[in-house]
Amino acid sequence: MSAFEWRRPGLDMLIAAVAAAAGAASIVLGPPSELPWATWVLVEASALTLGLARTLPVVALALNVVLIVVTDVVVPGTSHVAPLVAALTLGVVAYRCGTVTTAVSWAATFAAVLVSVGRDADALLAGADGALRILSAAMAIAAPVAFGRYLAALRQAAAVAEARAREAEERRLVETRAARMTERAHLAGDLHDLVAHHVSAIALTAGSAQYAATHAADREQRLDAALAGITSIHESARQALVDLRGLLQILRDPSAPDLLMDPEQMITDAVERSRTAGLHIDLTHDERVTRAPLALRITAARVMQEALTNALKHAGPGSSVAASVAVSDGRLLIDVTNTVRPEPTPDLPPSGHGLTGMRERVEVLGGTLAAGPTGNGWQLSAALPLAVRP
């Protein structure tokens with residue numbers, strides 16, 4: 001049982017005690033009664049019903065409606081405690097109960113008051129003055145009803161506002177979770193692109209160095225080939241660590257500046273690593289691309305990075321690659337076409353997410369991506385509208 005539930009009986013008893021004290025004061029200070037014991041019983045009974053007003057308002061009002069008539073019959077004109085308590089209880093009924101119950105309660109109270117007033121003088125409610133008195137009594141009894149309904153409307157409005165606030169908070173939490181999931185997906189894509197590209201370059205460079213060292217004419221050429229391969233692998237590994245540190249910094253502090261957000265440099269680095277790994281790349285980069293929105297340029301860089309990674313995996317060292325990033329007809333265009341060497345390429349496990357991830361990145365920005373075999377190789381083309389969707 002909560003503390004509020006423990007306090008409720010005590011509060012009701014306190015209200016009853018205060019009302020009983022006020023009723024006793026009205027008897028002592030009021031006019032003398034021919035039946036003082038009856039006056040005390042009826043007045044205190046009316047006052048004590050206020051202790052039921054919070055928990056049983058309809059019962060308390062019904063008791064007071066009866067007490068209004070009984071008091072006027074037994075000790076007429078002695079006390080007005082019963083009508084006053086009835087008005088207070090009627091306000092509670094209007095606040096706590098529905099429209100039908102409130103209307104019936106008002107009608108019962110109004111009838112009891114008319115009976116009481118009509119008993120004082122037969123002609124009191126007759127004629128035009130009587131009609132005016134009846135109307136005044138109806139309006140007076142309607143006043144606590146109006147006040148109780150007003151408080152009920154305020155309570156309902158507060159409940160609606162609280163429910164809306166909860167819904168807004170729940171919606172905000174859902175949106176926050178969705179944003180976090182989207183950000184995680186982006187970071188997962190960045191991690192895939194970084195690791196796949198660098199590891200592919202390292203593996204293929206190592207394979208090329210091994211082949212060159214194995215088939216070199218003499219010991220000096222073998223050492224030179226091995227040294228060149230080790231140097232290239234060292235540079236790729238170093239750059240991979242730099243990029244991964246930047247990505248981890250973003251994970252730890254999302255408000256930190258993104259260290260990976262230089263799209264042009266990302267493309268240049270990817271091309272250089274691919275050239276070092278053995279691809280013959282002819283890159284065309286339109287200067288107008290640098291004026292495109294950052295989101296488009298980053299996506300273009302990621303697509304270019306992944307396309308070169310795929311060329312390294314499937315075409316192998318010695319293949320020719322024609323790559324271009326350009327602006328035309330309100331779109332940012334990426335095109336990567338590579339030939340395929342007849343010699344078998346190193347056996348690298350496919351990620352299974354590269355092409356799918358690129359297509360998702362492009363489609364999020366309203367673009368399109370197509371990839372497939374050509375006459376003697378493979379071509380990947382992507383188009384991104386320069387007017388990025390919100």
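This table checks each residue for (1) open to solvent by 60 Å² or more (accessible area, probe 1.4 Å); (2) aromatic (F, W, Y); (3) outside any helix (DSSP H, G or I).
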site	(1), (2), (3)
I141	no, no, no
P144	no, no, no
Y150	yes, yes, no
R166	yes, no, no
R171	yes, no, no
V174	yes, no, no
(request) From V303, V327, grab the single residue that is of a type in the set (V, I, T), closer than 23 Å to S236 by Cβ and either buried (at least 21 other Cβ atoms within 10 Å of the Cβ) or modelled with pLDDT of 85 or more (or both). (result) V303
(request) Go through segment 334-385 and count every residue that is at pLDDT 75 or above and surrounded by fewer than 15 Cβ atoms within 10 Å (Cβ to Cβ). (result) 11
(request) Inspect all residues belonging to segment 48-61 and state whether any of them is open to solvent by 40 Å² or more (accessible area, probe 1.4 Å), β-branched (V, I, T), assigned to a helix (DSSP H, G or I) and under 29 Å from A152 (Cβ atoms). (result) yes
(request) Only residues in segment 12-28 that are within 18 Å of A38 (Cβ to Cβ) count as the first member; pair them with residues that are open to solvent by 60 Å² or more (accessible area, probe 1.4 Å), Cβ under 7 angstrom, at least 6 apart or cross-chain, and list the lot. (result) A20/L48; I27/W40
(message) Which condition from (1) in a helix (DSSP H, G or I); (2) more than 22 Å from A137 (Cα to Cα) is the one that V43 breaks?
(response) (2)
(request) State which residue pairs qualify: first residue crowded, with 17+ Cβ neighbours inside 10 Å and inside segment 66-80, second residue of a type in the set (K, R) and not in a loop (DSSP other than H, G, I, E, B) in any location, beta carbons under 7 Å apart, and separation of 6 or more residues or different chains. (result) D72/R119
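Could you tell me how many of the residues in segment 261-274 are open to solvent by 60 Å² or more (accessible area, probe 1.4 Å) and either more than 12 Å from S236 (Cβ to Cβ) or part of a strand (DSSP E or B) (or both)? Break it down stepwise before answering.
Taking segment 261-274 and keeping what is open to solvent by 60 Å² or more (accessible area, probe 1.4 Å), we get 262, 265, 268, 272.
The next check asks that each one be either more than 12 Å from S236 (Cβ to Cβ) or part of a strand (DSSP E or B) (or both); those that pass are 262, 265, 268.
So the answer is 3.
The values are calculated or read from the model by the stated rules, or taken from the named source; none is laboratory data. For clarity, every value in this text was computed on a predicted model and none was experimentally measured. Neighbour counts run over all protein chains shown; Cβ positions are idealised from the backbone, glycine included. The accessibility values were calculated without ligands, DNA or RNA, using every heavy atom of the protein model including side chains. Shrake-Rupley method; radii C 1.70, N 1.55, O 1.52, S 1.80 Å.
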